[in-house]
Ligand code: C5P
């Protein structure tokens, strides 16, 4: 659970997006957080405290005059125990109040009273597109950011008022991903990470082709972990149906040649390349324009194959990689002798770090175990979820970059 041990004060302000806050609260709790809900009067017009109490399992605070706190200082007590205050939805009016440092009701009061150095404030704006675009709101966003507040993105699309545009609140799962990412250490801030993931598909004819069982899960988890660590991330994905991790730029490709071209295009600006894709070694020399039919002879068609380009080796031999500007990481999916095979593959591909895993134990699974091999030795990352392993691998890569290994 990504938020185990975290205590979140979840503030709701007046807006129709309050209905999404119920689901968001549930998602925070499911991820292990304890959640204390605080609602403004405006929020009470849209959703009841009963709903939020049932989902958070705590009595909701709605007033600074709440007599429950023996010291009568709910704003102090609530803000001191939080690991973060998240306002979702945050109305245009509440942003203006925060920007001005107003303190005449409980939620704005506790935001102002929070110890800024240890209790971060995140807001998820929600409003009509004209209100979002208004110079006053733009000014407030800039002021809040200057004051150290994290202003989450807004969604684009249909709005409750019937108009379409920017300003709707992010969906609960997007908010959750942003809060989880917020707590991750920013080990790769300023880096551009390029990740290849998934299988490739090599066409035989318009309806058939050669592919493999790679699910793309490890590569997608690595892209997510790199983004959480503060990097700009480009994910070059073969044909898989996984959702794109938040904040990651995805480029969909099909064949090994497409994947090479997409990776080469971005390698000039990348500082790290992590090759997790299971690239087909061979492709049919010439894909047929039409479906190849049985000709009644009982003989299968004679297919001729040519070798695919090695994307990792190509990038690892580029001048940028050789000068140390592009740090390349390879993967090896083996069935046996993981150490010997991984060490040999590291040298063959010419990469500083190679990550070995057992193919049949990882393809399609949510868990994996990794063996890291570099010039200094090996390190095992014990069986765990791919998400946890991805975060560990990102930390290993970050420390090798710091130490220039
Ligand atoms: O040679 P092998 O396929 O076992 O190498 C695996 C590593 O090389 C992986 O990191 C994979 O993404 C990369 N690779 C590649 N292009 C290929 C074959 C493998 O980038 N044509």
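The values are calculated or read from the model by the stated rules, or taken from the named source; none is laboratory data. Quick caveat: nothing in here was measured; it's all calculated off a predicted structure. Backbone-built Cβ (ideal geometry, glycine too); neighbour counts: all protein chains shown.
Can you find, within segment 336-360, the residue that is surrounded by the most Cβ atoms within 10 Å (Cβ to Cβ) among those that are more than 28 Å from residue 404 (Cβ to Cβ) and touching a strand residue (DSSP E or B) at 6+ places or on another chain (Cβ under 7 Å)?
Going through the qualifying residues, I end up with 358.
A quick yes/no check of all residues on (1) under 21 Å from the mean Cα position of the chain (by Cα); (2) modelled with pLDDT of 95 or more:
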| position | (1), (2) |
| --- | --- |
| 365 | yes, no |
| 372 | no, yes |
| 384 | yes, yes |
| 396 | yes, yes |
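Given (1) within 16 Å of the ligand (Cβ to nearest atom); (2) free of Cβ contacts under 8 Å to residues at least 60 places away in the same chain, identify the lone condition not met by residue 163.
Status for residue 163: all satisfied but (1).
Restricting the search to segment 296-319, which residues are part of a helix (DSSP H, G or I) and either surrounded by fewer than 10 Cβ atoms within 10 Å (Cβ to Cβ) or more than 16 Å from the ligand (Cβ to nearest atom) (or both)?
Passing the criteria: only 319.
Return yes or no: is residue 211 within 16 Å of the ligand (Cβ to nearest atom) and either crowded, with 20+ Cβ neighbours inside 10 Å or without any contact (Cβ under 8 Å) to a residue 12 or more places away in the chain (or both)?
For residue 211, the condition - within 16 Å of the ligand (Cβ to nearest atom) and either crowded, with 20+ Cβ neighbours inside 10 Å or without any contact (Cβ under 8 Å) to a residue 12 or more places away in the chain (or both) - is not met.
Go through segment 113-142 and count every residue that is in a helix (DSSP H, G or I) and either over 18 Å from residue 8 (Cβ atoms) or at pLDDT below 95 (or both).
13
Could you grab me the full set of residues in segment 239-259 that are within 14 Å of the ligand (Cβ to nearest atom) and surrounded by 19 or more Cβ atoms within 10 Å (Cβ to Cβ)?
Of everything in segment 239-259, those that are within 14 Å of the ligand (Cβ to nearest atom) and surrounded by 19 or more Cβ atoms within 10 Å (Cβ to Cβ) turn out to be 253, 255, 256, 259.
Does at least one position in segment 260-282 carry a residue that is more than 25 Å from residue 230 (Cβ to Cβ), within 12 Å of the ligand (Cβ to nearest atom), touching a residue at least 60 places away in the same chain (Cβ under 8 Å) and surrounded by fewer than 16 Cβ atoms within 10 Å (Cβ to Cβ)?
yes
Only one of 113, 72 is touching a residue at least 12 places away in the same chain (Cβ under 8 Å) and out of contact with any strand residue (DSSP E or B) (no Cβ under 9 Å at 6 or more places or on another chain); which? Before you say what the answer is, go through the steps one by one.
Details: 72 fails: touching a residue at least 12 places away in the same chain (Cβ under 8 Å).
Criteria check complete, one pass: 113.
Go through segment 329-360 and give me each residue that's near the ligand (Cβ under 9 Å from one of its atoms), more than 19 Å from residue 217 (Cβ to Cβ) and in a strand (DSSP E or B). Break it down stepwise before answering.
In the first step, residues of segment 329-360 are kept if they are near the ligand (Cβ under 9 Å from one of its atoms); the result is 329-334, 341, 345, 348-349, 351, 354-355.
Okay, now just the ones that are also more than 19 Å from residue 217 (Cβ to Cβ), so 341, 345, 348-349, 351, 354.
Answer for segment 329-360, where residues must be near the ligand (Cβ under 9 Å from one of its atoms), more than 19 Å from residue 217 (Cβ to Cβ) and in a strand (DSSP E or B): just 354.
How many residues are closer than 15 Å to residue 11 by Cβ and not in a helix (DSSP H, G or I) if we restrict to segment 73-93?
Summing the residues that are closer than 15 Å to residue 11 by Cβ and not in a helix (DSSP H, G or I) in segment 73-93 gives 11.
Scan segment 50-72 for residues that are closer than 21 Å to residue 110 by Cα, touching a helix residue (DSSP H, G or I) at 6+ places or on another chain (Cβ under 9 Å) and assigned to a helix (DSSP H, G or I) and report the count.
Result for segment 50-72: 2.
Restricting to segment 349-370, give me the number of residues that are under 20 Å from residue 215 (Cβ atoms) and in contact (Cβ under 8 Å) with a residue 24 or more places away in the chain.
Here the count works out to 12.
Hand me the list of helices (runs of 4 or more DSSP H) wholly inside segment 160-278 holding 2 or more residues that are in contact with a strand residue (DSSP E or B) (Cβ under 8 Å, 6 or more places away or on another chain) and under 27 Å from residue 334 (Cα atoms).
In segment 160-278, 217-228, 256-267 are the helices (runs of 4 or more DSSP H) which contain 2 or more residues that are in contact with a strand residue (DSSP E or B) (Cβ under 8 Å, 6 or more places away or on another chain) and under 27 Å from residue 334 (Cα atoms).
What about residue 236, is it surrounded by fewer than 23 Cβ atoms within 10 Å (Cβ to Cβ) and under 25 Å from residue 360 (Cα atoms)?
Against the criterion (surrounded by fewer than 23 Cβ atoms within 10 Å (Cβ to Cβ) and under 25 Å from residue 360 (Cα atoms)), residue 236 does not qualify.
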